[in-house]
1. Within the stretch 104-171, list the chymotrypsin sites (Phe, Trp or Tyr not before Pro) lying in a DSSP loop whose Cβ has at most 14 other Cβ atoms in a 10 Å radius.
2. Could you tell me the distance between the Cα centroids of the stretch 215-281 and the stretch 1-73, to the nearest Å?
3. Within the accessible area of the stretch 154-294, what % is carbon and sulfur when the probe is 1.4 Å and the other protein chains stay in place?
4. Just how much of Asp320 is accessible, in Å², when a 1.4 Å probe is used and the result is rounded to the nearest 10?
5. Hey, if we sort Val144, Val323 by accessible area with the 1.4 Å probe, largest down, what's the order?
6. Which value in nm describes the separation of the simple spin-label points at Gln8 and Thr221, placed 7 Å from the Cα toward the beta carbon?
7. Using R₀ = 30 Å, calculate the FRET efficiency as 1/(1 + (r/R₀)^6) where r is the Cβ-Cβ separation of Lys295 and Leu233; round to 0.05.
8. If you keep only loop residues by DSSP, which GluC sites (Glu not before Pro) in the stretch 48-131 have at most 15 other Cβ atoms within 10 Å of their Cβ?
Amino acid sequence: MVKLANGQTIIQSFEQFSPKSYAVEGDKVGLQVGTLNKPIKKVMVALDVLETVVDEAIDNDVDLIIAHHPVIFKPIKALRTDTGYGRTIEKLIKHNITVYAAHTNLDVAPGGVNDMMADALELTDLRVLVETDTDPLMKLVVFVPEEQADNVRQALGGAGAGYIGNYSHCTFNSLGTGAFKPEEGTDPFIGEKGKMAFVDEIKIETVYHASQQKKVIQAMTKAHPYEEVAYDLYQIASPGEPLGLGRIGYLENELTLDEFAEKVKLAFDVKGLRVVGEGNRKVKKVAVLGGDGNKYTFQAIRQGADVYVTGDLYYHVAHDAMVEGLAMVDPGHNVEKIMKEGVRKKVELFLRDKKYDTEVISSNVHTDPFRFL
């Protein structure tokens with residue numbers, strides 16, 4: 001029997017990775033066209049939602065498009081179906097194709113667009129370039145019968161709790177005695193109704209980021225044997241994880257600017273790019289920000305970057321960078337296409353883990369409006 005995921009289920013899982021709350025103020029993210037309240041046979045991940053992309057979705061019997069760039073960004077005053085934009089929306093509605101946009105929230109998300117770009121450039125020791133928020137660090141304390149403690153520990157680690165530096169599944173465990181009396185209407189895992197029960201229990205303590213809370217608690221309660229789980233939640237004093245746009249890190253080996261520019265072309269599969277700076281200058285510390293990163297140029301300068309990789313570079317911003325000694329590489333806005341495979345893999349992993357038969361594909365339509373001669 002075919003088991004299809006509901007659209008809401010898919011997006012709830014996706015938003016555990018890229019919450020809408022990460023988006024910068026005023027950004028247009030979330031459900032844009034159609035409904036999520038339906039079974040989804042096929043998901044397509046796309047950078048842009050152009051008419052050609054919608055035609056591709058129709059040809060592939062796609063029910064849901066997860067896009068990086070919103071199809072609706074400015075308020076619609078009229079929807080004329082004799083225009084290209086109007087036809088695009090019309091086709092989506094006629095073919096019952098839902099569009100969900102994850103824009104700056106996907107840029108900000110750990111493991112999102114900017115981390116994908118930094119990984120493609122093989123940067124190490126990454127930090128956020130432009131901090132927009134902090135994901136507070138939380139502590140969970142839960143009490144579990146000794147025999148079931150390992151199941152709960154594994155579930156917590158699998159949900160993302162207990163990650164400290166390069167270590168995973170970190171917990172502190174102490175032995176104690178749990179006492180309770182099951183009352184009428186209960187179905188106790190241990191003990192009898194109306195009688196006090198004393199159980200050897202493990203007190204498990206672990207940490208997680210606030211954005212993971214729903215997933216962590218769901219995993220814990222599913223693995224826990226008790227029908228009523230006793231647990232505490234605390235926000236702790238340790239600084240949370242900085243969230244923000246762009247990343248800054250280091251190349252393993254110093255390169256000339258021209259050598260680095262060739263690396264960028266290869267990493268992002270582009271035929272040409274624009275470079276600011278002398279080709280033989282050395283670069284090692286690299287800032288990268290997907291899309292239009294003009295207004296964050298001085299963030300790259302202040303953090304000591306040798307070179308800044310971003311798109312849609314303005315003439316006068318390039319002059320300002322030259323004056324301040326910052327090299328720049330502009331491979332274009334379309335390099336954010338790297339998100340298509342990255343998001344496809346994340347959504348597919350969730351579906352396979354839950355044993356759904358919903359298919360996930362990446363759009364193959366080339367949406368870069370520019371070409372090099």
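The values are calculated or read from the model by the stated rules, or taken from the named source; none is laboratory data. Note that the coordinates shown come from a computational prediction; the quantities given were computed from them, not determined experimentally. Glycine gets a Cβ as well: all are built from the backbone with ideal geometry, and neighbour counts include every protein chain shown. Note: areas computed on protein heavy atoms with side chains; ligands, DNA, RNA excluded. Shrake-Rupley method; radii C 1.70, N 1.55, O 1.52, S 1.80 Å.
1. Filter output for the stretch 104-171: empty list.
2. With the stretch 215-281 and the stretch 1-73 each reduced to a Cα centre, they are spaced 23 Å.
3. Within the stretch 154-294, the accessible surface is 49 percent carbon and sulfur.
4. Spelled out: Asp320, probe radius 1.4 Å, area about 70 Å².
5. Val323, Val144
6. Modelled inter-label distance: 1.6 nm.
7. Efficiency, from the Cβ-Cβ distance: 0.20.
8. Taking the stretch 48-131 and a limit of 15 other Cβ atoms within 10 Å, the loop GluC sites (Glu not before Pro) found are Glu122.
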